[in-house]
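Below is one structure; the comments refer to it alone.
The values are calculated or read from the model by the stated rules, or taken from the named source; none is laboratory data. Predicted, not measured: the structure shown is a model, and the values here were computed from it. Neighbour counts run over all protein chains shown; Cβ positions are idealised from the backbone, glycine included. Ligands, DNA and RNA are stripped out before the accessible areas are found, and what is left, the full protein with its side chains, is counted by its heavy atoms. Shrake-Rupley method; radii C 1.70, N 1.55, O 1.52, S 1.80 Å.
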Amino acid sequence: GSGEYDIDVGGTARRFRLNLPSDYDSNLPHKLLMVWHGLGGTADQTADGYFGRGPSYQGLWGQSDGRAIFVAGQGLSANGGGAGWPNSGGRDIAFVRAMLAKLKSDYCIDETRVFSTGISYGGIMSNTVGCQLGDQVRAIAPIMGNGPYSVFGGAGCTGQVAAWLTHGSADAIVSYASGQASRDHWKEANGCADTSVVTGIDACVEYNGCDEGYPVVWCPTSLGHSTPAFAPSSIWEFFDRF
């Protein structure tokens, strides 16, 4: 059920938080949303919100209307700078693989509707997950992220994922240009054109000509390193398309 879990991944203890819908039905396949914290963050903050009132999952829990299982992983030390997702030696992707295997074994998950999102380092993690686990993940929504790069295990992407991305032009921590580069990566990976149409929130555009079932939505803002207020509803609407 909902709670805190530990799993062994290659001899390293890894931890995650899990929340099931209050009326969880073990005979009904559910969406699965993986939500990743930023540098120095925690799985508890992600699951419960910064005021500990949870569930929150970066505002997405309230959008889900009891139709999804949520999980928040705990990162390990990122080069001495707090917990993050550097994927050193592939350790974080190994964690995701092990966690997904356990969740698919223990719960009724729609394996065609597994999603990944996160803020800052969690956005980087979502790009890495989308690249390396495109055969298991349907769509990603990086917020203020960058990559995928080879330094984060970005070489040799597997499969395709739909992608929703947002980044602020005043971001002084993760550069706006790197967010644009992430957008361009997914545009190329999904065969999109350079032209686009406005979709949903006025700041968001969806690119034309993407491979069927693999849209790319880009939501630029004028913010710094912060999440736009529209992100939870827009991300859920995007995930709910699949």
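Structure summary
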item	result
Flag if residue 134 is buried (at least 17 other Cβ atoms within 10 Å of the Cβ) and among the small types (Gly, Ala, Ser)	yes
Residue, farthest from residue 161 (Cα to Cα), within the stretch 107-135, restricted to residues that are of a type outside the set (Ser, Thr, Tyr), within 9 Å of the chain's Cα centre (by Cα) and in a helix (DSSP H, G or I)	122
Residues being open to solvent by 40 Å² or more (accessible area, probe 1.4 Å), of a type outside the set (Ser, Thr, Tyr) and either part of a helix (DSSP H, G or I) or without any contact (Cβ under 8 Å) to a residue 12 or more places away in the chain (or both) - total across the stretch 157-181	3
Given (1) in contact with a Leu (Cβ under 8 Å, 6 or more places away or on another chain); (2) among the small types (Gly, Ala, Ser); (3) surrounded by 20 or more Cβ atoms within 10 Å (Cβ to Cβ), index of the condition residue 3 fails	(3)
Residue within the stretch 173-183 that is more than 16 Å from residue 129 (Cα to Cα) and of a type in the set (D, E, K, R) present	no
Residue in the stretch 116-123 that is closer than 23 Å to residue 60 by Cα, of a type in the set (A, V, I, L, M) and open to solvent by less than 30 Å² (accessible area, probe 1.4 Å) present	no
